[in-house]
Structures are given as structure tokens and as C-alpha cells.
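The values are calculated or read from the model by the stated rules, or taken from the named source; none is laboratory data. All values derive from a computational prediction rather than experimental measurement. Cβ placement follows ideal geometry from the backbone for every residue including glycine, while neighbour counts extend to all protein chains displayed.
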């Protein structure tokens, strides 16, 4: 299986690896997946005036999973919560040229975005 | 002087030894006769080469040359052994005993036989990968016609107590088939001393060409009979019709001869390199687990799990070294290695495994390089891993409620 150049790029130069303070009220944290499945993504976002000003991720998973979550953090930065929640896994598939067998990685990344947004909303009484 | 990519996946296949290739070449363009052509020199020459290869192979496993049947590979040999015995001994019984860690060539064949009315017992293995001999004894019934247990496992390298299994089979009058694809040529094999009645093995695992294998079929004490799966011209004593792959057979013979001559030295060298690789990795990293028995294993095999890091992403980071992993992401079915799962290894650690297969052409320099790169890559991926972060915070990962997708 040959990886697409974009996946390799995200793997070698991942964007936004790290952690935000999960106790910060402006931070939403989403953790999705399960170790038994070989895929766990943690995605965090920091909101300022309704706009996502920073995002970080950590992933236990294959190269495509790492790339999907890395790309997800790039995609949500600068968007409002309503805009970010519109992001579909197909956007990620197309950008990374993911083969069929790796589509589930993009689905998990979409879930991670939504989970982080849901967490932020819950913390701020917006759910 | 390192050459990239480095090949450390010798359990999947091996390069053809240049000496084997040299032996094979004349049989493509000069001595190209069909070994079954009885009436001219081209045929006689080919037949002579095949006979010589049979001798070389028989010498390595301590059998009579007449007991070697050539096939297209170990998968075909496994199919022939299981289906051939099942059909031939149907009147005697319909029960087969095998082990959960067998190669798919055996397991899938058993599944097919089950659809045809046979019953299979799949024995579990202990945490170190070894079969429990008491469980084997208890599983044998008066309907048991075959025991099929591999000599050495392709994923975890574990070597089964074959001689003891042969003894049990003999005592109970059950035919014993051994898939010895990973064992022949690497460790001493003696079908007489080990009580083996049928044995599958192949050339491309021992520095021979792909597309050629053999099935050893015992002729005496007892005489084992198998129904053929390939009908046609009656080749190989009627057990496997089809024109013989003469160049492949010549290569196979030469490969076996070389293995016999070099085994003692080579296995000592590979064991030393493997231990160096293992120690080097264990020294540089914590939470690394060895899969399978620590010493009852093939000289060149090392299978380890690296907690909190997934196997395919590891392979991606080690792309200049050819290895394999038990991770689901590396298979088409997205299932983690069933062999590792049979050891009781949790799915998360099965996803985190790497298999190293050192072989004849690996050097100490390559091993040193691999140690450094593995340690580096695992460290980098652990920095990116939410599981490592949680573990360092003291969270017990087993207690977490994961949101499965």
C-alpha cells in the first residue's frame, strides 16, 4: 500500500501536535475511538469570541489516522463552531486521497471534531 | 555500508541465494527438458537433476528421496496433506485436531473440511504460544484421523515440542502432519526422530525460489496414503500430477543443501544478532513486551509490542526497513493478528506489534541501525499518543469508557 504524499507529509510534519489545558473553560476536548480498534484520537480546540483560535491533537493510530486528525486541526482553526461542525469526513478523504480501506480514519476525525465541539458547548451551557 | 531499504522480513520471504540462482539457470535455456520425457536426453537430464534435488532435500530432513512430493508451495502441500488424508481415511473417522495459531493454509482448509462433514478441534495455546500436550491427548478420540501442528510459527517464531507430539500421535495411532515451512533449513529437522508422518515446507523461505514446495509423505511405519488433489498425468507417484518445475526443484535442492551445511553457524549468528536487537530496544524504551516464548523460538525471529504506539504508524516511520506488524491496519480485513490474540495479548498491544525476521544476508550494522531507528520512532510516536499521555498522568486505560465508532 503506497501512501499519498499528503498523508506522508502530515505524518512527518504533523500540524498542531500537543495538548491544551482541558480545565480551561474556553477549551473543548474530544476523545474518540478505542485502543482495541487500534484508533484513538484526542482533539482539542480553544475558542475565543466564538471563533476557534487554536487546535491540538494526539493520535494513536495508523499513518492515515494521524494525517486525518492533523488535517482536522488545520481545517477547524479560524472557523466558528457552527462552521466547524459542518466539516464532513469526505472533505478529509478528498484532501488526503485516502483509499477505501482508510475511510474510517476520516470518519473518526469528523467524530473527534464534533466531540470536542460538544464538550465545549456543554462546559459553557450552550448544548 | 548500509544499503536501503533494509530487508528484515525474512519470515514473509527470503532473497534467492546467488549460489541457488546459479544452480537453477542452466535449466531454463539449456537443460530445459520435461523431466517426464522418457525417450530423449533432454528428459533424462531433467530427470537426473530432479532426482539429485530429491536427494538433497531428503538428506536435510532425514527421509527417503522417494518420500518427497513436489508441489507449488507449502500452501498446496498443506491442502494436499489435510484434504488428502481426510478423503483417504474417511471410513476410519472424521475428526481432525489442529491449533489456533496455525497458518491460514491449514485453518482455512480445516474450515472447508468442516463444511464437508469433518469435525475440527482447534487447540488453544498457552501465553507463551506453546501447545498444551495434555490438552492434545485429551482431544484425541477414536474418530481422530489427523493431527496437524506446525513446527515453528511465522509470526511469533515459537517452536512447538514436535517430537513429543509425534510420540503422542504414534501411541494413539493418529497420522501427524507438521507444517514445517518456517522450521526446515533453520533448525534441525528429522522426520524419523520426530515421528512426523506428513510435512509441508517450501523453498522461498530458505533462500530458494518462489513457486516450489514439497510434501513429505511417510512410506514406512506406517505407510501413509493420501488422495491426490491434482489429477492428470500421474506425476509424483500419482499423488500430484503436473509437469515438474525443474528449475525450481533444482533451486530447492540447492537451497536445502546450503542450509544443511551452514545451519549451525548461521543459527548461532542470527540468535546473537536477534538478542542484540532485543536488548538494544529494551534498553532504549520502557513498556515493550516480547510476544511468544523467549528461547523456544526461531533464531532470527523477534516479535514485540510497543505500548501506546500503533504498528502501522511505526512501520511508516521505519519505512527504510522492511518489517511487518500484527496491527489490524496492515491487513485487508482490519482484524488484528489472530496469532497474537491467541496468546492472550490484548487488542491494543496486538495493534502495537512489530515482527523482525533476521536472515542470512542481514548484518550487524543493519541491526545497530534498526535499534536506533526503532527507539527514535517509538519515542516520537509516543509524544503524539493520547494513550501515552493518559498513562503518564496515571490514568488506568482499562478503566476508561471509550466511545467506539
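Checking residue A:43 against (1) outside any strand (DSSP E or B); (2) within 10 Å of chain B (Cβ to nearest Cβ), which test does it fail?
(1)
Matching residues to (1) in contact (Cβ under 8 Å) with a residue 24 or more places away in the chain; (2) assigned by TED's automatic domain parsing to the domain that holds residue B:159; (3) more than 22 Å from residue B:5 (Cβ to Cβ):
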| residue | (1), (2), (3) |
| --- | --- |
| B:277 | yes, no, no |
| B:304 | yes, no, no |
| B:312 | no, no, no |
| B:350 | yes, no, yes |
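Kindly check whether there is at least one residue in the range A:77-85 that is within 12 Å of chain B (Cβ to nearest Cβ) and either crowded, with 24+ Cβ neighbours inside 10 Å or in contact with a helix residue (DSSP H, G or I) (Cβ under 6 Å, 6 or more places away or on another chain) (or both).
No, the conditions are met nowhere in the range A:77-85.
If only one of B:313, B:305 is farther than 30 Å from residue B:36 by Cα, in a strand (DSSP E or B) and within 14 Å of another protein chain (Cβ to nearest Cβ), which one is it?
So the residue among B:313, B:305 that is farther than 30 Å from residue B:36 by Cα, in a strand (DSSP E or B) and within 14 Å of another protein chain (Cβ to nearest Cβ) is B:305.
For the range A:10-40, give me the residue count where each residue is more than 19 Å from residue A:115 (Cα to Cα) and more than 9 Å from chain B (Cβ to nearest Cβ).
Number satisfying all stated conditions: 3.
Look through B:371, B:395, B:321 and report the one residue that is closer than 29 Å to residue A:21 by Cα and more than 10 Å from chain A (Cβ to nearest Cβ).
Just one listed residue meets the conditions, B:395.
Determine which member of the set B:340, B:349, B:387 is part of a helix (DSSP H, G or I), within 13 Å of another protein chain (Cβ to nearest Cβ) and within 20 Å of residue A:105 (Cβ to Cβ).
Sole residue among the options that is part of a helix (DSSP H, G or I), within 13 Å of another protein chain (Cβ to nearest Cβ) and within 20 Å of residue A:105 (Cβ to Cβ): B:387.
Residue by residue through the range B:65-116, note down the ones that are surrounded by fewer than 22 Cβ atoms within 10 Å (Cβ to Cβ), without any contact (Cβ under 8 Å) to a residue 60 or more places away in the chain and either on the phi > 0 side of the Ramachandran plot or not in a helix (DSSP H, G or I) (or both).
Listed by number, the residues that qualify are B:90, B:91, B:92, B:93, B:94, B:95, B:116.
Yes/no per residue for (1) crowded, with 16+ Cβ neighbours inside 10 Å; (2) in the same structural domain as residue B:213 (by TED's automatic domain parsing); (3) touching a helix residue (DSSP H, G or I) at 6+ places or on another chain (Cβ under 9 Å); (4) free of Cβ contacts under 8 Å to residues at least 60 places away in the same chain:
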residue: B:235; (1), (2), (3), (4): yes, yes, no, no
residue: B:244; (1), (2), (3), (4): yes, yes, yes, no
residue: B:254; (1), (2), (3), (4): yes, yes, yes, no
residue: B:268; (1), (2), (3), (4): no, no, no, yes
residue: B:273; (1), (2), (3), (4): yes, no, yes, no
residue: B:286; (1), (2), (3), (4): no, no, no, yes
residue: B:293; (1), (2), (3), (4): yes, no, no, no
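(1) in contact with a helix residue (DSSP H, G or I) (Cβ under 9 Å, 6 or more places away or on another chain); (2) away from chain A (no Cβ under 14 Å): which one isn't true of residue B:376, the others all being true?
Tallying (1) in contact with a helix residue (DSSP H, G or I) (Cβ under 9 Å, 6 or more places away or on another chain); (2) away from chain A (no Cβ under 14 Å), residue B:376 fails exactly one: (2).
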